Amino acid sequence: MIKRIFRFAVIGLMAITLAVPVITVPSLATDSSSAEQEVEGSADSWRFSDGEINDEADNTIYNENRDGTLQTEVDCIGGCTLAWSKLNGLFYNSKGDVISGATRKGMDVSSWQKDIDWVQVKNSSDIDFVILRCGYGNDKTKYDDKKFLANAQACEKYGIPYGVYLYSYADSVSDARSEAKHTLRLLAGRKLSYPVYYDLEDKVVKKQGRSQIIKFACEYCTIIENAGYDAGIYASLTWFNKYLNDSSLDKYSKWVAQWNSTCTYSKNFRLWQCTSNGSVAGIRGRVDINFDFSSSVTSSSPTLVQYKTTDNLNYRTGPGTKYTRKGIYKKGTAIYISKVTNGWGMLANGYYVSMKYVKKTTTAASSSSQSSSYMVKTTDNLNYRTGAGTKYKRKGTYKKGKILTIVSTKNGWGKTSSGYYVYLKYTKKL
């Protein structure tokens, strides 16, 4: 989660010919008139100051050297010189003490780590799992983490268990809902082994107060769990104790950030982010280190059942006709449903359809039935149609560079996760 922001110095001349640098830093918009402002880099929280990491927040820095080696006065445990390492089946902290209950060591990364050498991570590091940032803020493609797709595909390729997190800028329940939709959009076709975490730390969120923050967390996690994923919350120890201390959140997986030699959170938690000062083979620069205290790793992806629409069918933002209609699936469209509640089915993309107008076609789970699905990027503006051929009706056009999930192929045409078809000649497999 290390973030950087570029600062620009503007040199101006004062009356007595002294040159004075003026530092300008973009700030996060808090009004609708600036809603289109790019928010990346303006993170402001307990560990970020205008997007820059706050070294003072990391107590482990004072217990270890910058390269991760223990300071000379600390017991190195039989020759072990690396903090947060594994020795004889046990994990050790920055003071050389055993981390009681830790079962696996992991890291969390985002586009700020740039291009990661995942072969080195797999073969030359002691990393057992990864939590990937999928994006930040509301459901807009420009707020997707630019490295998420590549990182997720690499984890799947090399068999590295992973989960995801989304950095929140929510200042309303509707924002939290949009952030959940953002997350679900990016998870289509992915195979998670760890939960989906809601990163609550920014001052924009903090300003809303405890009761609102709890509502945001409940809204986000409910939508994620309704889609069939395990939901969780990432926050600092202070946030968990002060803002997220409601019993309604106890059912969700907790990922506690406490940059210290031990985690002192009193309630149950699964992950502990112990330092921002870690070093991992295959990554340049510092990286966050985490430990998992659970006994096993299981699939966190939902079981998706395939249906076909028996009539033109609306899909909505919630399970009922009172919710906003977002579009229509044509009769005969294949859709994937993860959960059925009161006669309404939740789709893999987070929307809902009435079960009265669908027919089950297969019962295979997403982790196996969709293993043949893959991602493509359009290499030109590309029409999408109701069937596999130009004789079928054109429903619209995808812009060049659009990323799509292909669930099946026929005669050179690919069926997308939305049920429409594109000519694969004008796509590139990712």
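The values are calculated or read from the model by the stated rules, or taken from the named source; none is laboratory data. Note that the structure is a prediction, hence the values are computed from the model and not measured. Neighbour counts run over all protein chains shown; Cβ positions are idealised from the backbone, glycine included. We work out accessible area using only protein heavy atoms, side chains counted, and drop any ligands, DNA or RNA first. Shrake-Rupley method; radii C 1.70, N 1.55, O 1.52, S 1.80 Å.
Order the peptides 174-184, 324-334, 105-115 from the highest to the lowest mean number of other Cβ atoms within 10 Å of their residues.
Those peptides, ordered most packed to least, come out 174-184, 105-115, 324-334.
With θ set to phi - 60°, apply the Karplus curve 6.51 cos²θ - 1.76 cosθ + 1.60 along the range 158-169 and write out the HN-Hα couplings as whole Hz, x wherever there is a Gly or Pro.
With the stated coefficients, the range 158-169 comes to 9, x, 9, x, 8, x, 9, 9, 10, 7, 8, 10 Hz.
Roughly how many Å is it from the Cα centre of the range 129-175 to that of the range 388-430, as a whole number?
Measuring centre to centre over Cα atoms gives 24 Å.
Would you mind checking the pairs Lys147/Lys181; Lys114/Lys402; Lys142/Lys242; Lys114/Lys395 and listing those with alpha carbons more than 30 angstrom apart? Don't skip to the end; give the middle numbers.
Values: Lys147/Lys181 19 Å; Lys114/Lys402 21 Å; Lys142/Lys242 32 Å; Lys114/Lys395 37 Å.
Violating the 30 Å limit, Cα to Cα: Lys142/Lys242; Lys114/Lys395.
In nm, to one decimal, how far is the modelled label at Arg210 from the one at Val340, with both set 7 Å along Cα→Cβ?
4.3 nm
Going by amide H atoms built from the backbone, whose H comes under 5 Å of the H on Ile131, apart from near neighbours?
Here the answer is Met107, Asp108, Val109, Gly163, since their amide H atoms fall under 5 Å of that of Ile131.
Show me, bin by bin at 5 Å from 0, the whole-percent P(r) of the range 271-430 based on Cα pairs.
With 5 Å bins starting at 0, P(r) equals 2, 8, 14, 16, 14, 14, 11, 8, 7, 5, 2, 0.
Subtract the Cα-Cα distance of Ser266 and Lys95 from 0.36 nm times their separation in residues, and report this length gain in nm to one decimal.
59.4 nm
Under a 5 Å amide H to amide H cut-off, with H placed in plane at 1.01 Å, what residues pair with Lys326 once short-range neighbours are removed?
Here the answer is Tyr315, Arg316, Thr317, since their amide H atoms fall under 5 Å of that of Lys326.
Go ahead and run the numbers for FRET between Thr317 and Lys399, Cβ-Cβ distance against an R0 of 25 Å, rounding to 0.05.
Details: r = 24 Å, r/R0 = 0.97.
It comes to 0.55.
Let me check something: with ligands and nucleic acids excluded, how do Lys142, Lys251 order by accessible area (1.4 Å probe), largest to smallest?
Result of the area sort, largest leading: Lys251, Lys142.
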